[in-house]
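First up is the structure itself, then whatever we jot down about it.
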Amino acid sequence: MIISELIDSVANTTAHRDRDDLDLSITSLLLEFTEAESVTVYRILDDRGVKRLSRRAEQRRGHVAIGPDDIFTLTTLNDVPPWRDCVLQREVVQYIAADGHAHSVFPIKSDHEVVGVMVVELGGDLKPREAHLIDTILRIMRNHLALLDYGECDTLTGLRNRKTFEASFAKLRQRLQSIDALPDGEPSWLGIVDIDKFKSINDTYGHLFGDEVLLLIARLMKQSFRGADQLFRFGGEEFVIVLDRANAAGAEVAFNRLRTTIETHTFPQVGRVTISLGYTQIDPQDAPSICVERADAALYYAKHHGRNRVCHYEGLIAVGELTPKQSASEDVELF
């Protein structure tokens, strides 16, 4: 009977397509079928070279399940040596915490790297049966995540693809609308990047070098932004950046940092490559299509006023260079 219930729980868990729901379901499943006191899933975020831990889900016996952490209050991986050792060694690490409770840390692996850890708090020693069960569930989770990545990530650059944008945008907007979303009054921003004269690169050097330019620009984007910021490839030479929680000056610095980084990078065979970028502030009531339309208007301005520029939609409106676009009162399907 227990085996049948376990199979049903695994089937229900792998039915999830949302990663937050998947993480909560995994913690619930393990709490039900082991003697753990709590189960917590952490994801590793690369914050410009610093690995940080983002709690995605936690379930503790007798308590309400906890969802994702505030992405700007994250500890670094090096702050918790047993978790760091788990990631580096790619194997289970057991230790006794300061409160005297035993903990087992399991690596959550993708095909190429450790992408997170699962921390299991126990009343006593980890039993072989429980260790085997947890390892098996994590292998199923790894296979399921690989399928999600295949559907959600651009195959060339590894960035999120266009079809994942609306769901990600909806989650961000929901957070912005919550009471405690902006404790410091710092908004979020959407930027659209377009590679200048990319057709000329393909025509002159061939699509192989054009693809290498796309791949390198994606890599430079990852290095330029925080782990909490979201990066998408919309197709062709166009990318979208969702810069979360930054003041106006910080947003301008971040977007210009990317422009400068790309301008000063030497691309194999091609040499110098530049980008144009338009960005806008995300309003909690924005439909994704309206927000993209504003950023695209700023991008269009940048492309037609010299290229290799970063243009702020609201800033262009303020100086009379653009006319405000009418906002939609209801969400409009973007794709």
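Before moving on, here are some points about what is shown:
- Percent antiparallel among DSSP beta bridges (both partners in the chain, rounded to 5): 90
- Taken per residue, the accessible surface of the chain reaches 50 Å², heavy atoms only and a 1.4 Å probe.
- Site pair S168 and F209 shows an inter-label distance of 3.0 nm when each label is modelled 7 Å from Cα along Cα→Cβ.
- Reach of K303 by Cα under 17 Å, taken over lysines that are not fewer than 8 positions away in the same chain: K197, K199
- Long-range amide H partners of T75 with built H, under 5 Å: L53
- For D85 and Q269, the FRET efficiency from 1/(1 + (r/R0)^6), where r spans their Cβ atoms and R0 equals 41 Å, is about 0.45.
- If only the Cβ of Lys and Arg carry +1 and only the Cβ of Asp and Glu carry -1, the dipole of the chain around its Cα centre is close to 900 debye.
- Loop sites in region 1-75: chymotrypsin sites (Phe, Trp or Tyr not before Pro), DSSP, at most 11 other Cβ within 10 Å: none
- Inter-part distance where region 141-214 and region 226-285 are each reduced to a Cα centre, Å: 11
- Structure remark: mean-square fluctuation, Gaussian network model of the chain, C-alpha springs under 10 Å; the largest value among A318, A295, A246 belongs to A318.
- The chain - percent relative contact order, Cα under 8 Å, separation 6 or more: 13
- Shape summary: region 140-256 maps onto an equivalent ellipsoid whose semi-axes, from the alpha-carbon gyration tensor, are 28, 20, 11 Å in decreasing order.
- Of the residues V310, V240, V115, the one that moves most in a GNM of the chain with alpha-carbon contacts below 10 Å is V115.
- You can think of it this way: the chain between H132 and I96 has 10.9 nm of extra reach, that is 0.36 nm per residue less the Cα-Cα gap.
- Think of it as helices only: each DSSP H run of n ≥ 4 in the chain is worth -39500 (n - 2.57), and spread over all residues that comes to -13000 deg cm²/dmol at 222 nm.
- Model label zone, E35; criterion: amide N under 20 Å from point 7 Å along Cα-to-beta-carbon; scope region 111-141: 119-137
- R0 of 41 Å, Cβ-Cβ distance I3-E186: FRET efficiency to nearest 0.05: 0.25
- Candidates K127, K163, K303: whichever shows maximal mean-square fluctuation once the chain is modelled as a Gaussian network with Cα springs under 10 Å: K127
- With K and R counted +1 and D and E -1, the other residues having a Cβ less than 14 Å from that of C311 yield a net charge of -1.
- Counting protein heavy atoms only, the chain has 51 percent of its accessible area on carbon and sulfur, 1.4 angstrom probe.
- Of the options (i) 24.6, 82; (ii) 22.3, 71; (iii) 24.5, 72, only one is Rg and Dmax of the Cα atoms in Å as computed from these coordinates, and that is (ii).
- Under the span-like rule (Cα at least 30 Å along the axis, Kyte-Doolittle mean at least -0.5), DSSP H helices of the chain: 128-152
The values are calculated or read from the model by the stated rules, or taken from the named source; none is laboratory data. Because the structure is predicted, anything quoted here is derived from the model rather than measured. When we count neighbours, we look across all protein chains shown, and the Cβ atoms used for this are built from the backbone with ideal geometry, even at glycine. Side chains are part of the model used for accessible areas, which takes the heavy atoms of the whole protein and leaves out ligands, DNA and RNA. Shrake-Rupley method; radii C 1.70, N 1.55, O 1.52, S 1.80 Å.
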